[in-house]
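The values are calculated or read from the model by the stated rules, or taken from the named source; none is laboratory data. No experiment lies behind these values; they were computed from the predicted model shown. FYI the Cβ positions are ideal-geometry reconstructions off the backbone, even for glycines, and counts take in every protein chain you see.
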Amino acid sequence: MPLERGGEQVTSERASLSDLVFSRLSGAIIDGTLAEGEVIRDAEVAGWLGVSRTPVREAIARLSLLGLVESEPSRYTRVTRISDELVAQTLEFTGYQASLAVRLAVMRMSDEEAGEAVVLIDAMILASDRDDPDGLYTASRSFVGYVTARSGNAVFAAMIREAGLVMERNLRSTRPLLGDQAERGEWYRQFREAICERDADYAEYCFRRIHHLTPGERR
């Protein structure tokens, strides 16, 4: 397990140790320090972070629920592998959840916040028009994070923060542009107009069309 020995130990008076261990391990999985198929040994992690095995096991159980690790009792715990099917499922999940974030935010954010959202959409349009997958990925992440934070629903925002770890890890090597440039650009521009007009229904509809998801009925 390629984790540095003698790393900074986990100490906190407020946050639980298992949360902090979870943060360290999930970060190592996302950035590739812990590679796909890498075996995680709780004793090694406990020694690395200076904690007992209990918070390590709690963190690993949480990682398992998110699908970032897989375990066979009394045999192994290892980082899961990213398959083409997993990438496709993650893209679908991300698109549907982000479209819901769009709907909630458009209904609830202030005019000033809507203006900031339009600025972020303009960055997405620019990257799309340039056929710049890295730029579009970065701009899209910024936009989705922005509207999620303004969804007005703490439960939804917390769920997306947790799932965001899975999205980031599973999509770290994927930069899809999704469709023809001209068609994609037209939907982005209609999406922008819907945000400006504070039309939550059509904004959600456009966002799903951009991501090639079943858009449902246009209201």
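Couple of notes before you dig in:
- Any hit, the stretch 112-129, residues being among the hydroxyl-bearing types (S, T, Y) and modelled with pLDDT under 95: yes
- The residues on offer are T148, T138, and the sole one that is at pLDDT 95 or above, closer than 22 Å to S26 by Cβ, of a type in the set (V, I, T) and not assigned by TED's automatic domain parsing to the domain that holds G27 is T148.
- If you filter the stretch 71-88 down to residues that are hydrophobic (A, V, I, L, M, F, W, C) and over 15 Å from I29 (Cα atoms), you find that the one that is surrounded by the fewest Cβ atoms within 10 Å (Cβ to Cβ) is A88.
- Enumeration of residues in the stretch 96-113 that are in a helix (DSSP H, G or I) and either surrounded by 17 or more Cβ atoms within 10 Å (Cβ to Cβ) or not assigned by TED's automatic domain parsing to the domain that holds L178 (or both): Q97, A98, S99, L100, A101, V102, R103, L104, A105, V106
- Residues in the stretch 124-138 that are surrounded by 16 or more Cβ atoms within 10 Å (Cβ to Cβ) and under 19 Å from the mean Cα position of the chain (by Cα): M124, G135, L136, Y137.
- Summed over the stretch 182-197, the residues that are among the hydrophobic types (A, V, I, L, M, F, W, C), within 18 Å of V119 (Cα to Cα) and either free of Cβ contacts under 8 Å to residues at least 40 places away in the same chain or outside any helix (DSSP H, G or I) (or both) give a count of 1.
- Only listed residue being in the same structural domain as V166 (by TED's automatic domain parsing) and modelled with pLDDT under 95, chosen from A46, A88: A88
- Test: residue in the stretch 141-163 that is of a type in the set (F, W, Y) and either farther than 23 Å from D19 by Cβ or surrounded by 18 or more Cβ atoms within 10 Å (Cβ to Cβ) (or both): yes
- Breaking point among (1) in a loop (DSSP other than H, G, I, E, B); (2) under 21 Å from the mean Cα position of the chain (by Cα), for R24: (1)
- Taking the numbered list (1) touching a residue at least 60 places away in the same chain (Cβ under 8 Å); (2) closer than 30 Å to R24 by Cα; (3) aliphatic (A, V, I, L, M) in turn, A200 passes all entries but (2).
- Scanning the stretch 147-179 for residues that are closer than 11 Å to A101 by Cα and in contact (Cβ under 8 Å) with a residue 40 or more places away in the chain turns up V147, T148, R150, S151, G152, N153, F156, I160.
- Inter-residue pairs, beta-carbon under 8 Å, first closer than 23 Å to F191 by Cβ and in the stretch 77-98, second polar (S, T, N, Q) and surrounded by fewer than 18 Cβ atoms within 10 Å (Cβ to Cβ), 6+ apart: L91/T174
- One residue alone among V45, V39, V21 is over 25 Å from Y137 (Cβ atoms) and touching a Pro at 6+ places or on another chain (Cβ under 7 Å), and that residue is V21.
- Of all residues in the stretch 164-181 being of a type in the set (S, T, N, Q) and not in a loop (DSSP other than H, G, I, E, B), the one that is modelled with the lowest pLDDT: Q181
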